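Beneath this line is the structure, given in structure tokens, with notes to follow.
The values are calculated or read from the model by the stated rules, or taken from the named source; none is laboratory data. Please read these numbers as outputs of a predicted model, since none were measured by experiment. Virtual Cβ from ideal backbone geometry, glycine too; neighbours counted across all protein chains shown.
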Amino acid sequence: MFALMKDSDSVELKLTVPEYDQLSAVAALGMDPLNAQIREVFFFDTPDLALNERGVVVRARRVQSKEDDTVVKLRPVVPSELPAELQGSPNVVVEVDAMPGGYVCSASLKGSSRTAVRSLIREGRPLHKLFSKEQREFFAAHAPEGLALDDLSVLGPIFVLKLKFKPTDLAQRLVAELWNYPDNSRVLELSTRCAPADALQVALESEAFLRDRGVDLSGEQQAKTKTALEYFSKSLDNSP
């Protein structure tokens, strides 16, 4: 992990809070849900999640009071092995995600949506219109052969509340994301982002802070994206 971090832009430390502990964690950390930002997240993949199997994630997002955005992500990656033109792109972020029990390094090619996400999906227009030329080329380089953006199914949307807050007695700002799934299940993720050189210190301080406030750090970790993809791919399988 440390070898990957030295060539990464940032490190994001993540923790999934078990559903039984979510309300108490919200109270213990002093979160105010009325300060949360509303988001709607769409994923795109095949019904059998062929992209996910190749480590490719394609996403579009609607954000309250902001323009829509998109991302094509590849994981895992080794930063030093990425093509030079990709490493030099201002739209690429290479980041290590670390959570209890594991880590992964990803390269995310971000962009502003070229058209309104909601209207394009509702009208059934070609998905490639959401993405920049740079993103389309990145997708083509890593997707299964013969699979185009316009071949993908829409998975979602997921309704998300995102809250950025600064607890007392902690140097770092925390981010809480509550992902609400259509079956009424929820994933609450706490995270903080830092420079690679600061990751160990930030991890130790954040862990101690959360333990002191009674947040359960031993629960099973759930990947938000994987959970969403699996849920909606099953919905596609069951559709008439």
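Taking the condition of being under 21 Å from residue 198 (Cβ atoms), part of a loop (DSSP other than H, G, I, E, B) and modelled with pLDDT of 95 or more, how many residues in the stretch 145-185 meet it?
1
Just to check your reading of the model, which residue among 72, 93, 63 is among the hydrophobic types (A, V, I, L, M, F, W, C) and touching a helix residue (DSSP H, G or I) at 6+ places or on another chain (Cβ under 6 Å)? Talk me through it step by step, then tell me what you get.
Details: 93 fails: touching a helix residue (DSSP H, G or I) at 6+ places or on another chain (Cβ under 6 Å); 63 fails: touching a helix residue (DSSP H, G or I) at 6+ places or on another chain (Cβ under 6 Å).
That would be 72, the only listed residue that is among the hydrophobic types (A, V, I, L, M, F, W, C) and touching a helix residue (DSSP H, G or I) at 6+ places or on another chain (Cβ under 6 Å).
Given the criteria out of contact with any Asp or Glu (no Cβ under 6 Å at 6 or more places or on another chain), among the aromatic types (Phe, Trp, Tyr), within 30 Å of residue 215 (Cβ to Cβ) and touching a residue at least 12 places away in the same chain (Cβ under 8 Å), does residue 138 qualify? Spell out how you get there, then give the answer.
On the way: out of contact with any Asp or Glu (no Cβ under 6 Å at 6 or more places or on another chain): yes; among the aromatic types (Phe, Trp, Tyr): yes; within 30 Å of residue 215 (Cβ to Cβ): no; touching a residue at least 12 places away in the same chain (Cβ under 8 Å): yes.
No; evaluated as a whole, the condition is false for this residue.
Which of the following residues is within 26 Å of residue 46 (Cα to Cα), surrounded by fewer than 17 Cβ atoms within 10 Å (Cβ to Cβ) and not aromatic (Phe, Trp, Tyr): 197, 228, 141, 223?
Criteria check complete, one pass: 141.
Would you check if there is a residue in the stretch 61-80 being crowded, with 19+ Cβ neighbours inside 10 Å, under 16 Å from residue 150 (Cβ atoms) and modelled with pLDDT of 95 or more?
Checking the stretch 61-80: at least one residue is crowded, with 19+ Cβ neighbours inside 10 Å, under 16 Å from residue 150 (Cβ atoms) and modelled with pLDDT of 95 or more.
Residue-by-condition table, conditions (1) closer than 29 Å to residue 60 by Cβ; (2) out of contact with any Cys (no Cβ under 8 Å at 6 or more places or on another chain); (3) without any contact (Cβ under 8 Å) to a residue 24 or more places away in the chain:
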| position | (1), (2), (3) |
| --- | --- |
| 159 | yes, yes, no |
| 167 | no, yes, no |
| 175 | yes, yes, yes |
| 183 | yes, yes, no |
| 203 | no, yes, no |
| 206 | no, yes, no |
| 214 | no, yes, no |
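Can you find a residue in the stretch 208-225 that is over 25 Å from residue 29 (Cα atoms), out of contact with any strand residue (DSSP E or B) (no Cβ under 6 Å at 6 or more places or on another chain) and modelled with pLDDT of 90 or more?
no
Kindly indicate which of 149, 109, 127 is crowded, with 16+ Cβ neighbours inside 10 Å and out of contact with any Leu (no Cβ under 7 Å at 6 or more places or on another chain).
None of the other options fit; the residue is 109.
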